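Report on the structure given below.
Values in this text are rule-based calculations from the coordinates and carry no lab data. Computed from a predicted structure; not experimentally measured. Here Cβ is always computed from backbone atoms with ideal geometry, including for glycine, and neighbour counts include all displayed protein chains.
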């Protein structure tokens, strides 16, 4: 997606941040949630060089220093994403183990979650 803007009377094209990084690898990890954050649309997470445009962010004990998230917007993915958030909350509240599939472009430390599952001990 591209957005047009005017700079000193000249049209310039600015790329809007894409949720999935270019050349991202799909990875699966599991662990206990050590951090769960939900915030306003558009505020995102991470530094400019490793920013993810998401509203839900987690960290898990088996991937220290890394964060993972997904968008929670009123679009075609809303029901699935709300379900993912519900699973994450349950796991966080009950110290359950989550399994996440996420896209991340090395050497970045922040990835975009595409699937969430819970496991029983």
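Find, to one decimal place in angstroms, the Kirkwood hydrodynamic radius of the range 21-119, where the mean of 1/r is taken over every pair of different Cα atoms and then inverted.
13.4 Å
Which part of the range 35-72 falls in the paramagnetic zone of residue 119, meaning amide N under 17 Å from the point 7 Å along Cα-to-beta-carbon?
Answer for this model: 60-64.
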